[in-house]
Amino acid sequence: MRNRRFLAIAAVVSGLSLLAGACGSDDDGGAATTTTAGEGGGAGGELAGAKGTTPAPETTDSVTAFQERMQAYADENGIDLGGTFAYGPESYDSVMIIALAAQVAGTDGAAHAAEIVNVTKDGEKCSTYADCLELVEAGTDIDYEGISGATDLSGNGEPLVGSYAVQVYGDDNRLDPELETFKSVEASDEFKEMPVDEVTATREGDGVLTIGTLLPETGNLAFLGPPEIAGVQMAVQEINENGGFGGTDVVLVEGDSGDTTTDTAVQTVTRELAAGVDAIVGAASSSVSASVIDQIVGAGVTMFSPANTSKQFSDYPDKGLYFRLGPSDILQGQVLAEVIADDGNNSLVILNFDDDYGNGLAEDLAASFSAGGGEVVDTITYDPQAQTFDAEVQEALAADADAIALIGFDETSRLLVALVEQGLGPQDIPTYLVDGNIGNPLGERFDSGE
């Protein structure tokens, strides 16, 4: 019988209180569902109560208005958002910050990167391109306040505050917006006090700000592609409607990132560099970014990811040209650990995708959960291309932990099918997800058995 005493995680975390029992189970493991995974068209509720964290701004009137704008834009332009706005605001803000930094620097060359951190803090606040541009042209230092939440960046170009949505699945195997809450966590003093990285690249500009994209149109994060693509396109449109860069329209060159099973990202970057891009927005996947970052910054081009969270980039030798709005997984690990502990779980088993993102977040989650007095019984890595996850499921069963955390991408739906079939689904054990897999597309794939 599982002990459910409260644990407190030693992290600087604030936010709304979680809804009590939203993901908990009875001590006997809960009643098993009678609907087979992959059948029932979403009516079985096998995922009900599963919850997870994803970087997202707290819902405000301005955020709601932006989501309505994005949905309208997507509908008008044939973009299927798949019921998610994930990383759409961050993609929008990434473009805005690049353009404003170029305006301050007076160049689309590599030197604009030196202004990226500066335009996100310690100036007069502004939240639209038109308002910010007016201040810049008047010689005023600006502090761009983005739609994605606090956009203040550390000297090495990553967020100083991580804002997270805690999302919960309902009985229809879809996220229940009524159960969504928010938490935030601040970076350590080490990052707050970090000086701005020196830009060592010397690439000259040509007076036309050209932005490329490296976003997932295909691959295991393709469900995140539509909102990210829409966010970039919306930002470019708004910039150009308000004077562009130096009076000239910003040019957008779009490209697919694929995933690490292909060389799509390398092909896209090669093509975009040949097209003369000044900055590339992407990739979404940390592992994909790792595969092309040297190629991009080596060309003196800015790389700005809306979604990378791997801590490997915190001290990467990037010539001062890499930035991101996805908070480090060190912060997500702290928040998720608190969520799990606040639900009364003493012990945890982690199953994670075997790559930089999966291994890194698993490590950070385990460290934070253990720091609060919890026990990580086992950490099980898996190959997302495996034909079955039978061996991993058996290991998870043997762990006999209070809760289970699944860190992965779209293959998580197949893993959940296997777990449910073996009596280790969300109806049997509190189940926790992360930004790489939580969302309505997961429920859709689960229902279809994919």
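Can you pull out the residues in the range 107-144 that are buried (at least 20 other Cβ atoms within 10 Å of the Cβ) and within 21 Å of E186 (Cβ to Cβ)?
Matches in the range 107-144: I116, V117, V119, T120, Y144.
With the requirement that a residue be part of a loop (DSSP other than H, G, I, E, B), of a type in the set (A, V, I, L, M) and under 30 Å from A337 (Cα atoms), what does the range 194-231 give you? Talk me through it step by step, then tell me what you get.
Keep residues of the range 194-231 that are part of a loop (DSSP other than H, G, I, E, B), which gives 194-209, 216-221.
Next, from what is left, pick out any that are of a type in the set (A, V, I, L, M): 194, 196, 199, 201, 208-209, 221.
Residues satisfying the conditions are M194, L221.
Of the numbered conditions (1) out of contact with any helix residue (DSSP H, G or I) (no Cβ under 8 Å at 6 or more places or on another chain); (2) open to solvent by less than 10 Å² (accessible area, probe 1.4 Å); (3) more than 30 Å from S413 (Cα to Cα), S154 satisfies every one except a single condition; which is it?
Only one criterion in (1) out of contact with any helix residue (DSSP H, G or I) (no Cβ under 8 Å at 6 or more places or on another chain); (2) open to solvent by less than 10 Å² (accessible area, probe 1.4 Å); (3) more than 30 Å from S413 (Cα to Cα) is unmet by S154, namely (1).
Just the residues that are open to solvent by 10 Å² or more (accessible area, probe 1.4 Å) and in contact with a Ser or Thr (Cβ under 9 Å, 6 or more places away or on another chain), please, taken from the range 251-267. Show your work before the answer.
Residues of the range 251-267 open to solvent by 10 Å² or more (accessible area, probe 1.4 Å): 251-254, 256, 259-264, 266-267.
Selection gives V251, L252, V253, E254, D256, D259, T260, T262, D263, T264, V266.
Answer yes or no: is there a residue in the range 68-78 that is within 18 Å of Q233 (Cβ to Cβ), open to solvent by 60 Å² or more (accessible area, probe 1.4 Å) and part of a loop (DSSP other than H, G, I, E, B).
Yes; the residues of the range 68-78 include at least one that is within 18 Å of Q233 (Cβ to Cβ), open to solvent by 60 Å² or more (accessible area, probe 1.4 Å) and part of a loop (DSSP other than H, G, I, E, B).
Here's a check for you: in the range 356-383, which residue that is farther than 30 Å from D189 by Cβ and either of a type in the set (V, I, T) or open to solvent by 10 Å² or more (accessible area, probe 1.4 Å) (or both) is farthest from the chain's Cα centre (by Cα)? Reasoning before the result, please.
Initial filter on the range 356-383 (farther than 30 Å from D189 by Cβ): 377-378, 380-383.
Narrowing the set further to residues that are either of a type in the set (V, I, T) or open to solvent by 10 Å² or more (accessible area, probe 1.4 Å) (or both) leaves 377-378, 380-381, 383.
Numbers: V377: 27, D378: 25, I380: 22, T381: 21, D383: 21 Å.
Of everything passing the filter in the range 356-383, V377 is farthest from the chain's Cα centre (by Cα).
Of everything in the range 208-220, what is crowded, with 22+ Cβ neighbours inside 10 Å and of a type in the set (A, V, I, L, M, F, W, C)? Give them in sequence order. Write out each step before concluding.
Initial filter on the range 208-220 (crowded, with 22+ Cβ neighbours inside 10 Å): 209, 211-216, 219-220.
Correct list: L209, I211, L214, L215.
Determine whether the range 414-433 contains at least one residue that is within 19 Å of the chain's Cα centre (by Cα) and buried (at least 20 other Cβ atoms within 10 Å of the Cβ). If you could, list the steps in order and put the result at the bottom.
Within the range 414-433, the first condition is being within 19 Å of the chain's Cα centre (by Cα), and the residues that meet it are 432-433.
Pick out the ones that are also buried (at least 20 other Cβ atoms within 10 Å of the Cβ) and you get 432-433.
Yes, because at least one residue in the range 414-433 is within 19 Å of the chain's Cα centre (by Cα) and buried (at least 20 other Cβ atoms within 10 Å of the Cβ).
So, V168, is that one buried (at least 17 other Cβ atoms within 10 Å of the Cβ) and within 30 Å of A114 (Cβ to Cβ) or not? Walk me through it before giving the result.
Details: buried (at least 17 other Cβ atoms within 10 Å of the Cβ): yes; within 30 Å of A114 (Cβ to Cβ): no.
So V168 does not fit the description; no.
Taking the options F191, F182, name whichever one is assigned to a strand (DSSP E or B) and more than 27 Å from V277 (Cβ to Cβ). Explain how you work it out, then say what you get.
On the way: F191 fails: assigned to a strand (DSSP E or B).
Answer to the check: F182.
Can you pull out the residues in the range 221-241 that are more than 17 Å from the chain's Cα centre (by Cα) and open to solvent by less than 60 Å² (accessible area, probe 1.4 Å)? Explain how you work it out, then say what you get.
So in the range 221-241, the residues more than 17 Å from the chain's Cα centre (by Cα) come out as 233-241.
Result: Q233, M234, A235, V236, E238, I239, N240.
The values are calculated or read from the model by the stated rules, or taken from the named source; none is laboratory data. Bear in mind that the values here come from a model prediction, so they are computed numbers and not experimental data. No Cβ is skipped: glycine too gets one built from the backbone with ideal geometry, and neighbour counts run over all protein chains shown. Surface areas here come from the heavy atoms of the whole protein model, side chains and all, with no ligands, DNA or RNA. Shrake-Rupley method; radii C 1.70, N 1.55, O 1.52, S 1.80 Å.
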